[in-house]
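Written out below as structure tokens is the structure these notes cover.
The values are calculated or read from the model by the stated rules, or taken from the named source; none is laboratory data. In this text the structure is predicted, and so the values were computed from the model without any measurement. Cβ placement follows ideal geometry from the backbone for every residue including glycine, while neighbour counts extend to all protein chains displayed.
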Ligand code: XMP
């Protein structure tokens, strides 16, 4: 639309002014809409002087890494550095079952990996005598309001003590989405030709599938959950329910087994829980009344196509008292 074109053009002008004709910027991509749109706008403004970093921690859903590495790059032409480090995350998560501990481990590893990549990119810039490093963030208007409007260079410094960089290198934030709401960000993303899978992606937690496996996170369990989750998402889309359902986590009860029967044989597999919810802002949520036919298709397909799963259940708890995620 006309206003979105204006917003994009205006932001591109601003970014050019802020970063100058020589400066370089770095942006971390998560697979989500905010960082993708922020990166795409900055790419339009400064082209190859933007470096994007994507940490593939192995906890994403099926196809999501490819969406970033292939489709997003094809649509935008951004210079992307992929850090594949699922081994590192799995090693760090070995034996961890407590939800908050999982978050801590994943968050810690993520920052370490990102900062190492950042140091590499920015180190090269610093060697060329640059004094300012620009860090692109997908901060939205509601985030600005929530944090009192004070976002800027100061608060980023505290958690960006990147080792190996000259001390006089200063960080400056570039926040092209600072005045926008989520739906406007999606419009800008469409305007810039980003893949629909990214622009209309439902909310997905940073710790990813790691907090949807109840019990220890292992590679086998991730593979099982990834397949079940892909089927559930596919059927939700096929039923045309993507816009009605806020989120539908699929949760693997990895330490629970139950008896089943399939063909001539007895099975002893794991259950998954479907957690479809409707919500305005994730603060509260209602369990979604999915049509029976949709639940049936999901159940039939998961139990047929994922050998380790022999039971599909549905969570009918609202928030409160239940949270959206199980961990
Ligand atoms: P809960 O489970 O608290 O989730 O009802 C509310 C919303 O937040 C998402 N969520 C997270 N997002 N890191 C994130 O980036 C997290 O650790 C995390 N935990 C929950 C959840 O998917 C829902 O949209």
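Observations on the model:
- Residue match in segment 88-107 (condition: touching a strand residue (DSSP E or B) at 6+ places or on another chain (Cβ under 7 Å), assigned by TED's automatic domain parsing to the domain that holds residue 173 and either buried (at least 16 other Cβ atoms within 10 Å of the Cβ) or within 12 Å of residue 29 (Cα to Cα) (or both)): no
- Within the set 239, 254, the sole residue that is under 15 Å from residue 93 (Cβ atoms), away from the ligand (no atom under 16 Å from the Cβ) and over 19 Å from the mean Cα position of the chain (by Cα) turns out to be 254.
- Subset of segment 271-307 (residues that are within 16 Å of the ligand (Cβ to nearest atom), buried (at least 16 other Cβ atoms within 10 Å of the Cβ) and either more than 19 Å from residue 221 (Cβ to Cβ) or not assigned by TED's automatic domain parsing to the domain that holds residue 249 (or both)): 276, 277, 279, 285, 287, 288
- Selection count, segment 199-210, where residues are within 16 Å of the ligand (Cβ to nearest atom) and out of contact with any strand residue (DSSP E or B) (no Cβ under 9 Å at 6 or more places or on another chain): 7
- Any hit, segment 117-128, residues being more than 30 Å from residue 216 (Cβ to Cβ) and not in a helix (DSSP H, G or I): yes
- The residue list 41, 55, 73 contains one member that is assigned to a helix (DSSP H, G or I), buried (at least 19 other Cβ atoms within 10 Å of the Cβ) and not assigned by TED's automatic domain parsing to the domain that holds residue 221, which is 41.
- Tally, over segment 273-327, of residues that are touching a helix residue (DSSP H, G or I) at 6+ places or on another chain (Cβ under 7 Å) and assigned to a strand (DSSP E or B): 5
- The condition (being out of contact with any strand residue (DSSP E or B) (no Cβ under 6 Å at 6 or more places or on another chain), away from the ligand (no atom under 16 Å from the Cβ) and in contact (Cβ under 8 Å) with a residue 12 or more places away in the chain) is satisfied by just one residue among 224, 245: 224.
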